[in-house]
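Undergrad: Encoded as structure tokens, here's the structure I'll be asking about.
Read-outs: derived from the displayed coordinates by stated rules, not from any lab. Keep in mind it's a predicted model, so treat the numbers as computed, not measured. Don't worry about glycine lacking a Cβ; one is built from the backbone with ideal geometry, like all the others, and counts go over all protein chains shown.
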Amino acid sequence: MNLSTQVVEADGKNRTRQDDIESLVGIYRRHKKLYEFFLKSVESDFLSEPSLNSGTPTVIHSTRSRLKDDEHLANKIHRKRADGREIDEGNLLSIMTDLAGLRVLHLHQNQFGQIHSFINSKVKAKGWKLLEKPIAYTWDPDSVNYFKKFGLRTAVKASYYTSVHYLVAPANAEVGISCEIQVRTLFEEAWGEIDHSINYPLPTKILANIEQLRVLSRLVSTGSRLADSIFKVHNEQ
């Protein structure tokens, strides 16, 4: 086989892979309205719950929602396949669990319990169903103990990312529509925005940045604890 033949074959394989990815993205496009409808419904449920949106401060500070765009999905499929993950028409929607995402932001950690209780109440009322057991990402031993009191599993990410993740779906949905809910403090959200700017879609290889992000995560944890203390003292007066 000569070089020109190898080039033609390689080009053909690349085109086949690209066409396949386009086909998978097309599946998402066909379901995108359903994802959008469910995402808006989940966000509305949070924002219309009186117990989470009254008082000073309110339990929920704010929410942020987004649907994954087609280009980012195509890139993610390519990355996962490069890591050896099999992705096809039959498992796309179950593997890509972040196609619809909602962030629920609160001021300090002690507000988390009310948000967690609300999510559980929606599941018990069969408004939503959990597709997997929720997980709290944290490196802090005290936070690990805190989240375990709610029956949450915990894990540590190398980047020191912190957030609690829930994957919910409509209770009676026949199609695999889901929404990833991320619950975190405003301090953690600031860290996440900085991390996302330099660490996504490809992780940084700059060792100084990696260490700086870990230091910042420790500062974020200190800030969250101090916020808890401030409100505890304030509420005791």
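Undergrad: In what sequence, highest mean first, do 96-107, 197-208, 141-152 appear when ranked by Cβ atoms within 10 angstrom?
TA: So the peptides 96-107, 197-208, 141-152, ranked by packing, come out 96-107, 141-152, 197-208.
Undergrad: List the residues whose amide H sits under 5 Å from the amide H of VAL59, counting only those 5 or more places along or on another chain, with H placed 1.01 Å from N in the peptide plane.
TA: HN-HN under 5 Å from VAL59: ASN53, SER54.
Undergrad: What number comes out for the charge environment of LEU213, summing +1 per Lys or Arg and -1 per Asp or Glu over other residues with Cβ under 14 Å away?
TA: With Lys, Arg at +1 and Asp, Glu at -1, the neighbours total 0.
Undergrad: Moving on. Add +1 for every Lys or Arg and -1 for every Asp or Glu among the other residues with Cβ under 13 Å from the Cβ of THR154, and state the total.
TA: Neighbourhood net charge equals +3.
Undergrad: Moving on. Report the net charge of residues surrounding ASP142, where surrounding means a beta-carbon distance below 14 angstrom and charges are Lys +1, Arg +1, Asp -1, Glu -1.
TA: +2
Undergrad: Moving on to the next point. Return one number: the angle in degrees, 0 to 90 and rounded to the nearest 10, between the long axis of the Cα atoms of helix 207-236 and the longest principal axis of the Cα atoms of the chain.
TA: Long axis of 207-236 versus the principal axis of the chain: about 30 degrees.
Undergrad: Quick check: the angle from helix 3-47's long axis to the longest principal axis of the chain, C-alpha only, nearest 10 degrees?
TA: Value to nearest ten degrees: 30.
Undergrad: If you count the DSSP beta bridges with both ends in segment 3-185, what percent of them are antiparallel, to the nearest 5?
TA: Here the antiparallel bridges make up roughly 65 percent for segment 3-185.
Undergrad: Go ahead and estimate [θ] at 222 nm for the chain from helices alone: -39,500 (n - 2.57) per DSSP H run with n ≥ 4, summed, over the residue count, rounded to 500.
TA: Only helices count here, giving -18000 deg cm²/dmol.
Undergrad: Going by amide H atoms built from the backbone, whose H comes under 5 Å of the H on ILE135, apart from near neighbours?
TA: HN-HN under 5 Å from ILE135: HIS165.
Undergrad: Here is a follow-up. Students often get this wrong, so check it: of LYS40/LYS122; LYS40/LYS68; LYS122/LYS232; LYS80/LYS149; LYS40/LYS232; LYS157/LYS232, which have C-alpha atoms separated by over 26 Å?
TA: LYS122/LYS232; LYS80/LYS149; LYS40/LYS232; LYS157/LYS232
Undergrad: I'm checking a number: the convex hull volume of the Cα atoms of the chain, normalised per residue, in Å³. What is it?
TA: So the per-residue Cα hull volume is 143 Å³.
Undergrad: Moving on. Restricting to bridges with both residues inside segment 89-237, how much of the DSSP beta-bridge set is antiparallel, in percent to the nearest 5?
TA: So the antiparallel bridges in segment 89-237 amount to around 55 percent.
Undergrad: From Cα pairs below 8 angstrom and at least 6 apart in sequence, can you work out the relative contact order of the chain, rounded to a whole percent?
TA: 19
Undergrad: Roughly how many Å is it from the Cα centre of segment 164-237 to that of segment 29-81, as a whole number?
TA: Taking the Cα centre of segment 29-81 as reference, the centre of segment 164-237 is 15 Å away.
Undergrad: A further question follows. Measure nothing but the geometry: give the 0 to 90° angle between the long axis through the Cα atoms of 112-124 and the longest principal axis through the Cα atoms of the chain, rounded to 10°.
TA: 60
Undergrad: So what J values fall out for segment 150-155 if you push phi through Karplus, 6.51 cos²θ - 1.76 cosθ + 1.60 with θ = phi - 60°, rounded to Hz, Gly and Pro as x?
TA: Ordered by residue, 3J(HN,Hα) equals 9, x, 8, 7, 10, 8 Hz.
Undergrad: Which three lengths, in whole Å and largest first, does segment 85-194 cover when its Cα atoms are put on their principal axes?
TA: Extents along the principal axes, in whole Å: 40, 35, 22.
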